[in-house]
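Student: The structure under discussion is supplied below as structure tokens; questions concerning it will follow.
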Amino acid sequence: MLICFSHLRWDFVYQRPQHLLSRACKRYRVVFFEEPRTAEVEAPRLSISRRPGGVTIVTPEVPAGSSGAALLAAQRTLLDRLLAVEPTAPAVAWFYSPSATAFAGHVRADVVVYDCMDELANFKGAPASLKDHERRLFARADLVFTGGRSLFEAKRRQHARVFAFPSSIDRKHFAQAREDRPEDPADQRDLPHPRIGFFGVVDERMDMRLLGHAADLRPDWSFVMLGPVVKIEEADLARRPNIHWLGGKSYFDLPPYLAHWDAGFMPFALNDATRFISPTKTPEFLSAGLPVVSTPITDVVRPYGEAGVVAIANGGADLVAKLEAVLAMPREPWLAKVDAVLGGNSWDATWEAMSSLIEERAASARPSAARRRASGTHEEVARV
């Protein structure tokens, strides 16, 4: 079994955890242990469901008002109850959330993986304890994967086995926009061209002032915004007649939207929350055949900006100027360059590389684990 502890819900946005763990199902029975949610229950319990592809979703349900030490104790009790019916310890304990060590730090596994996809401590609302939890997770982990190059550079000295695995791509999925030209979705069908689009979570990482400035400079363009709004108020959204907030869309419904856009853009703010991000949407835009303009996010500048396949803009006027340039450029030479840059980049290849490292680590750990079992002794693991 591979058990994953995540701060993100499986059904929120289909991104790195879903891509990787769906592929892990070919080798492991995957259990995705989510953060708790309140429910009309008298005592904590587990809600268990299964998703297509084989991932089992486990969600602690707790009474309203549960918090602090009582909430952690409830999660630990429910987790122990779940694992008690397992004949052996998990093969892999996979952490996205360092905070999960507060209730799952005692879990024994052949291999402990920390897939550090973001610098969560820099995000809005992050608990002050997060950095301490991460230090404990580094001490516990056998392998650390990072979601981008800049994160790798920030974490490489904190653990002996840190590996960079930047955002990958399901090229076949997004190539539908480029090759199949599916029907234009009803909620954007009447929007005038050119259409400049964004898809993804809308939160403190988006520069609303920049978005509003660009929309003011080109009132004849349609700025199409897809994605759930979290951690900010609806009142904080940039509102203009030509900015169209269409809400969250399923990952599987994205290609028809992108197929009818003229360019993509990533108006990220330059702040602590974006310092180490590696936007998965960068290669997804490119695979869809859409030219894209971004603010100077490090993991977009390297390699995509340096390779000349993503235009990098500084400020609203420059964003508009760069969008005008990519809208006017010949597509075929650019698409050839895109295909060369994307190369063999894929979630399949990323998972296989990760899996090889996990298996290598597991193989090296098996002799000592077998000796412990034979002698009846157990490794002591400090409770976090």
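Quick note: the coordinates plus some simple rules give every number you see, no bench work behind them. Predicted model, so just to flag it, every value in this text is computed and none were measured. Virtual Cβ from ideal backbone geometry, glycine too; neighbours counted across all protein chains shown.
Student: For a distance above 30 Å, tell me the whole-number percent of Cα pairs in the chain that qualify.
Tutor: Summing the P(r) of the chain above 30 Å gives 43 percent of all pairs.
Student: Something else now. Report the extension gain between Ala340 and Arg37 in nm, rounded to one decimal, defined as 0.36 nm multiplied by the number of residues separating them, less their alpha carbon distance.
Tutor: Extra length available between Ala340 and Arg37 comes to 104.6 nm.
Student: Give me Lys249, Lys124 sorted ascending by neighbouring Cβ count inside 10 Å, so fewest comes first.
Tutor: Fewest-to-most ranking of Lys249, Lys124: Lys124, Lys249.
Student: Kindly provide the helix-only [θ] at 222 nm of the chain, computed as the sum of -39,500 (n - 2.57) over DSSP H runs of four or more divided by all residues, to the nearest 500 deg cm²/dmol?
Tutor: After summing the helix terms and dividing by residue count, I get -10500 deg cm²/dmol.
Student: With the cut-off at 28 Å, tell me which of the pairs Lys155/Lys337; Lys231/Lys281; Lys172/Lys231 have Cα atoms farther apart than that.
Tutor: Checking Cα-Cα distances, Lys155/Lys337; Lys172/Lys231 exceed 28 Å.
Student: Between the range 280-314 and the range 114-154, what is the separation of their alpha carbon centroids in Å?
Tutor: 24 Å
Student: What's the ranking of 356-363, 142-149 by average number of surrounding C-beta atoms within 10 Å, highest first?
Tutor: Order by mean packing, descending: 142-149, 356-363.
Student: Let me know the shape class of the range 171-342, please: from the alpha-carbon gyration tensor, a ≥ b ≥ c as square roots of the eigenvalues, rounded when a/c is under 1.5, otherwise prolate if a/b is greater than b/c, or oblate.
Tutor: Because its axes are fairly even, with a/c under 1.5, the range 171-342 counts as rounded.
Student: Just in the range 112-188: which GluC sites (Glu not before Pro) are loop by DSSP and have at most 13 other Cβ atoms within 10 Å?
Tutor: Those satisfying the criteria are Glu183.
Student: Most exposed first by the Cβ proxy, i.e. fewest other Cβ within 10 Å, how do Trp245, Trp351 rank?
Tutor: Least crowded to most crowded, the residues run Trp245, Trp351.
Student: Projected area of the range 1-107, taken from the Cα convex hull and averaged over every viewing direction, in nm²?
Tutor: 6.7 nm²
Student: Can you give the % of DSSP beta bridges in the range 171-342 that are antiparallel, to the nearest 5?
Tutor: 5 percent
Student: Of the DSSP beta bridges with both residues in the chain, give the percent that are antiparallel, rounding to the nearest 5.
Tutor: 15 percent
Student: Decide, for the range 197-273, between rounded, prolate and oblate: order the square roots of the alpha carbon gyration tensor eigenvalues as a ≥ b ≥ c, take rounded if a/c falls under 1.5, and otherwise choose prolate if a/b is larger than b/c, else oblate.
Tutor: oblate
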